[in-house]
Amino acid sequence: MSRQIINLTVNGDRHEIAVAPNQTLLEVLRDELGLSGTKRGCTSGACGVCTVQQEDGRAVLSCLALAVEWDGRAVTTIEGIAEPGQLHPVQAAFLEYGAVQCGFCTPGLIMTAKALLDTDPTPDEAAINEAMAGAICRCTGHIKVKIAIREAVQQALREREPDAAPT
Ligand code: FES
Ligand code: FES
């Protein structure tokens, strides 16, 4: 199958990659670039473990995205959301509130939550439920995940308006 060269920026780094017409963004991230933080689950859009962010901050299921359609575009993966040695506030909240067990779903859950907060910094419960509906965890359950997301929202509010946010 003939390959096509695409330019793809991943976590700020530009790559020229030869991709097959049927290769997904997920396959390119994991198999060509070695970024295994983005997980391969159902590969049919049903579990959310492959979630990454597109340029405008919205979440994308990389298992459903054809790599050839990402020529000239940019993507953020779990590897790119914090400086080396640091945690993104959503990661810190997951850790603090025990929203991780085996960890397989965690990158997808965190990317989904981060995409929500990047596009809606103060989501209400309904918005959190809607955004997280397609991100499935098989072992921790979703209560601690929701607690962690609510805490990340409160933490961001406290940092923006120290006197306004409830504790
Ligand atoms: S691997 Fe993409 S949604 Fe399941
Ligand atoms: S922590 Fe194991 S699947 Fe979510």
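Just so it is clear, none of the values below were taken in a lab; they were calculated from the coordinates. Not measured: the values here are computed from a predicted model. Backbone-built Cβ (ideal geometry, glycine too); neighbour counts: all protein chains shown.
Numbers for the structure displayed
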| item | result |
| --- | --- |
| Taking N as its residue count, the alpha carbon Rg of region 89-160 over 2.2 N^0.38 Å | 0.98 |
| Angle in degrees between helix 106-119 and the longest Cα principal axis of the chain, rounded to the nearest 10 | 70 degrees |
| Region 7-50: mean projected area of Cα convex hull, nm² | 3.3 nm² |
| Region 91-167: trypsin sites (Lys or Arg not before Pro) in DSSP coil with no more than 14 other Cβ atoms inside 10 Å | R138 |
| More than 19 angstrom apart: percent of Cα pairs within region 40-167 | 48 percent |
| Degrees separating the helix 143-160 axis from the principal Cα axis of the chain, which is the longest one | 80 degrees |
| Burial ordering of S2, S62, S36, fewest other beta-carbon atoms within 10 Å first | S2, S36, S62 |
